[in-house]
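These notes concern the structure reproduced below.
The values are calculated or read from the model by the stated rules, or taken from the named source; none is laboratory data. These numbers come from a predicted model, not from an experiment. Using ideal geometry, Cβ is built from the backbone for each residue, glycine included, and neighbour counts are taken over all protein chains shown. With ligands, DNA and RNA removed, areas are computed over all heavy atoms of the protein, side chains included. Shrake-Rupley method; radii C 1.70, N 1.55, O 1.52, S 1.80 Å.
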Amino acid sequence: MNRTAKKLSRQFGDYQTPPDLANQCCQVMRDQLGDYPTMVEPTCGVGGFLVAALDVCKPKQIYAMEQDANYVRAARRNISRAEAASSDRVKIRKQNFFDFQWDRFRDSCGERVLIFGNPPWVTSSEIGVHSGDNLPKKRNVLSDRGIDAITGKSNFDLAESMLQTLLGVMRPGKDSLAMLVKSSTARRLAQHAWSVDQQFAKLHFYQIDAKEHFGASVEAGLLLMQLKDPGSTRKRSRQPQACRFFQDLRAKRSTIAFGNFNGKLVSDPVRAKSTEHLVASEQVMWRSGVKHDLASVLELVVHDGEVFDRNGKGLDIEFEHLYPLAKGSDVASGEARTSNRVMLLPQRSVGQSTSEMKNTAPKTFHYLTQNLDSFNARRSSIYRGRDQFAIFGVGDYTFSPWKVAICGLYKKLTFTVFGPAVFGPVQKKPVVFDDTVYLLPLKTRRQALLVKRLLESEAAEDFLESRIFWEAKRPINASVLRSLDLGRIASEEGLEDPTL
């Protein structure tokens, strides 16, 4: 595949479904969801799934859409070669998903419809990196806080937006959905459905080997969703609702993949129910580390009282804006180590003007100005209209002397206490972290050690484990940490409340 083709494939999240996988998926669809007279594939690609659906599910009619003209032609050729196909059973049209009136189309499809396929796995941020425009209208679908929405928490799979649209036009008690998706997309889609009071008669996830089938190192599978008829839904229960997890497409036994409890997406709804008394009524303000997207300029090294960039080039800058740096791997080690790395912080708070550095730290300002092109090249929209040397994830909490920290990327609950560190000619400056780390700012060592003890308690572990998805790229996040009531745990253990 040439470079242009690879870029287009990346932009459109192009993972064509292998015939064997498509056939196995269709067998699960038939066995679990039953027969449907009408089937719809919104992003049919070259038609592999269409051929399998004709052969295994045998619907009376299949409607398929695809925005790439070359794929449309390939899909029509593949259908014409299929023994089970007849030209009037499959209708394929060139169509951009986001320009289509799905509600009107659904009204024309008859009584019962099964929507199936393999939608794009690419994320909105990846499309932006490749300057793609294969995107829906921007909207904050999960009502994230403004800062979370623009710093990446609301970054979503293209499939997520597509499937939300399809869920919105499906008829409860009549329609079903069967899609190959990332496990993270499956969770967020179910969370969205629950948030708008949609209930499921069936919610299953069949794991596949995405590396084998698509060369993708990601957790993925076949998601089955069958909406429950509202007329058959009894009075809403506070009992957890769950998605059943199957180890592979041939598995008969299942476990819980994830669930909904009290409107929250959880990894273990039973344990979540048993720890619901620990949900914080007022959130403890865990914070993220510093976001700058410019490690080559702002992450430096101090050796024998001198400052160097990452390439070993000596720098003549003041120490005033330098702070000892702990990376995510340092935090995950469980030891309060910072080595000789430092971070240059142009700002002490979001929005602060850096122009005053011309007078207070002229050498540092000159260094930043020399790297202005690198600052301007940062692609994230968070920096638009901001100070030329703007950073995020910085405030009074950044400079708290003591902190309890955890790295969001590691698949373990390791909380580490960090106090003021010594480096260069400056004594005892607060440690700062990169944006893979979450921190709780504290004033004293005693307070920090107490918080660490509470976080390592059995009650805290049960609470967090029931709400963390360890297979996620960033399993630990601020919203989960903030939801834990440390004061309640302290009370149960006869200790003082560290948050007061």
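Tabulated data
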{"quantity": "Qualifying residues in the stretch 197-212 (those that are within 20 Å of the chain's Cα centre (by Cα) and of a type in the set (A, V, I, L, M)) - the one modelled with the highest pLDDT", "calculated": "I208"}
{"quantity": "Tally, over the stretch 98-118, of residues that are within 32 Å of the chain's Cα centre (by Cα) and surrounded by fewer than 15 Cβ atoms within 10 Å (Cβ to Cβ)", "calculated": "4"}
{"quantity": "Meets criteria (of a type outside the set (S, T, Y), part of a strand (DSSP E or B) and either within 22 Å of the chain's Cα centre (by Cα) or at pLDDT below 95 (or both)) for V422", "calculated": "yes"}
{"quantity": "Residue, farthest from L413 (Cα to Cα), within the stretch 458-500, restricted to residues that are assigned to a loop (DSSP other than H, G, I, E, B) and open to solvent by less than 10 Å² (accessible area, probe 1.4 Å)", "calculated": "P498"}
{"quantity": "Leading residue by the ranking (nearest to F97 (Cα to Cα)) among those in the stretch 163-211 that are open to solvent by 40 Å² or more (accessible area, probe 1.4 Å) and polar (S, T, N, Q)", "calculated": "T165"}
{"quantity": "Hey, F389 open to solvent by 30 Å² or more (accessible area, probe 1.4 Å), part of a loop (DSSP other than H, G, I, E, B) and aromatic (F, W, Y) or not", "calculated": "no"}
{"quantity": "Hits in the stretch 1-26 - residues which are buried (at least 16 other Cβ atoms within 10 Å of the Cβ) and at pLDDT 95 or above", "calculated": "L21, A22, N23, Q24, C25, C26"}
{"quantity": "Any hit, the stretch 259-268, residues being in contact (Cβ under 8 Å) with a residue 12 or more places away in the chain and exposed (fewer than 12 other Cβ atoms within 10 Å of the Cβ)", "calculated": "yes"}
{"quantity": "Candidate set: the stretch 29-72, residues that are of a type in the set (K, R) and modelled with pLDDT under 95; chosen: the one nearest to F246 (Cα to Cα)", "calculated": "K58"}
{"quantity": "Enumeration of residues in the stretch 28-84 that are on the phi > 0 side of the Ramachandran plot and either β-branched (V, I, T) or free of Cβ contacts under 8 Å to residues at least 12 places away in the same chain (or both)", "calculated": "G34"}
{"quantity": "Members of the stretch 262-286 that are in a helix (DSSP H, G or I) and of a type in the set (G, A, S)", "calculated": "A272, S274"}
{"quantity": "Any hit, the stretch 33-40, residues being open to solvent by less than 10 Å² (accessible area, probe 1.4 Å) and over 18 Å from D175 (Cβ atoms)", "calculated": "no"}
{"quantity": "Flag if D434 is at pLDDT 95 or above, touching a Leu at 6+ places or on another chain (Cβ under 9 Å) and open to solvent by 10 Å² or more (accessible area, probe 1.4 Å)", "calculated": "yes"}
{"quantity": "Meets criteria (over 21 Å from the mean Cα position of the chain (by Cα) and not in a loop (DSSP other than H, G, I, E, B)) for L450", "calculated": "yes"}
{"quantity": "Pairs with Cβ under 8 Å, 6+ apart, first in the stretch 438-449 and touching a residue at least 24 places away in the same chain (Cβ under 8 Å) and farther than 9 Å from V404 by Cβ, second assigned to a helix (DSSP H, G or I) and small (G, A, S)", "calculated": "Y438/A478"}
{"quantity": "Criterion violated by T414 - all others in (1) touching a helix residue (DSSP H, G or I) at 6+ places or on another chain (Cβ under 6 Å); (2) more than 20 Å from G328 (Cβ to Cβ) satisfied", "calculated": "(2)"}
{"quantity": "Scope the stretch 349-386; condition in a helix (DSSP H, G or I), more than 17 Å from L315 (Cβ to Cβ) and either among the basic types (K, R) or open to solvent by 40 Å² or more (accessible area, probe 1.4 Å) (or both); matching residues", "calculated": "K358, N359, T360, D373, N376, S381"}
{"quantity": "Test for V422: is it under 29 Å from S355 (Cα atoms), open to solvent by 30 Å² or more (accessible area, probe 1.4 Å) and of a type in the set (V, I, T)", "calculated": "yes"}
